[in-house]
Amino acid sequence: YYYSYYLPCLLEMSNYKEAEKVVVRQMRRYPNMQRFAVDLGYVYEREGNAAKARKQYEHCISECPASAQALRELSMAFLNYRQFDHAIACYEKIRSISGDPSANAMELVMLYKQNGKYEKAMQELMLWANDHTSFPDIEEVETELNTWLADDEDHQKKDLIGKNLVQYANKYPDHIGYAHLMLWFSLQENDYPSALQQAVAIDQRFQG
């Protein structure tokens, strides 16, 4: 409990030597808790030793037990310090272990979005939609995309969404989820003739 307050105090006082000792002591006491190894990397980062910090962060991932629970815990520890790329690497490792190419897709959507990588976030969203075709699931995708459009003054996100939806809908014409997303996008654009064509095509292709 006190550690969570003590370590930031040491870092604010630039007492990096003592901070390192405190973190290492916690690592020895609780070897199965992933957060402390990440804290050590952050001490190096605050000290100005970027190379040593990066090496420690990478060590955290390589030495983390090959279990989804441990890797999720490690990802959360990275997020505490806005280490998005390393948090993403944790979920990619979970995906590799599980053998599921769309595992943790929604978590990766959020991480890529926070990191400003909307192209990657869109790809993960389409992966998730590929396996979740019920109407409530597709509505969840639409809600997520609506948050992108709410903050899109230069229309870059809108263009990105449109490009990807066309690509996936054309590539997978028998996928009802992508068809519904195309209909939704036409409505966002107030393009009612296109929306009507989409709705008729969905009705014909999927029988009601």
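The values are calculated or read from the model by the stated rules, or taken from the named source; none is laboratory data. It should be emphasised that the depicted structure is a prediction, and the values quoted were computed from it without experimental measurement. Neighbour counts run over all protein chains shown; Cβ positions are idealised from the backbone, glycine included. Remember, those area values only see protein heavy atoms, side chains included, never the ligands or the DNA or RNA. Shrake-Rupley method; radii C 1.70, N 1.55, O 1.52, S 1.80 Å.
Quick notes on this one:
- Fluctuation leader among A105, A50, A179 - the chain, Gaussian network, Cα springs under 10 angstrom: A50
- Label-to-label distance, nm, for residues given as D152 and Y172 (7 Å Cα→Cβ offset): 2.0
- Between D137 and F206, the C-beta separation translates, for a Förster distance of 22 Å, into a calculated FRET efficiency of about 0.90.
- The S194 and E144 beta-carbon pair, evaluated with R₀ = 25 Å, returns a calculated FRET efficiency of approximately 0.70.
- Ranked from largest to smallest solvent-accessible area, with a 1.4 Å probe on the protein heavy atoms, H59, H175 come out as H59, H175.
- Accessible area per residue for the chain, computed on protein heavy atoms with a 1.4 Å probe, is 57 Å².
- Computed helical MRE - 222 nm, the chain, DSSP H runs ≥ 4 contributing -39500 (n - 2.57), nearest 500: -24500 deg cm²/dmol
- Once the C-beta distance of R28 and S4 is scaled by a Förster radius of 25 Å, the resulting FRET efficiency is 0.90 to the nearest 0.05.
- The slack in the chain from E92 to A50, taken as 0.36 nm per residue of separation less the alpha-carbon distance, amounts to 12.8 nm.
- Here is the list for the range 72-111: trypsin sites (Lys or Arg not before Pro) lying in DSSP coil, each with at most 16 other C-beta atoms within 10 angstrom of its C-beta, are R82.
- Restraint check, K21/K52; K52/K117; K21/K93; K93/K120; K113/K157; K113/K163, Cα-Cα greater than 21 Å: K52/K117; K21/K93
- Rough spin-label spacing in nm, given labels placed 7 Å along Cα→Cβ, for A66 and N130: 2.4
- Karplus 3J(HN,Hα) series, Hz, for the range 116-132 with 6.51 cos²θ - 1.76 cosθ + 1.60 (x for Gly, Pro): x, 9, 6, 5, 5, 4, 5, 4, 5, 5, 5, 4, 5, 5, 4, 9, 10
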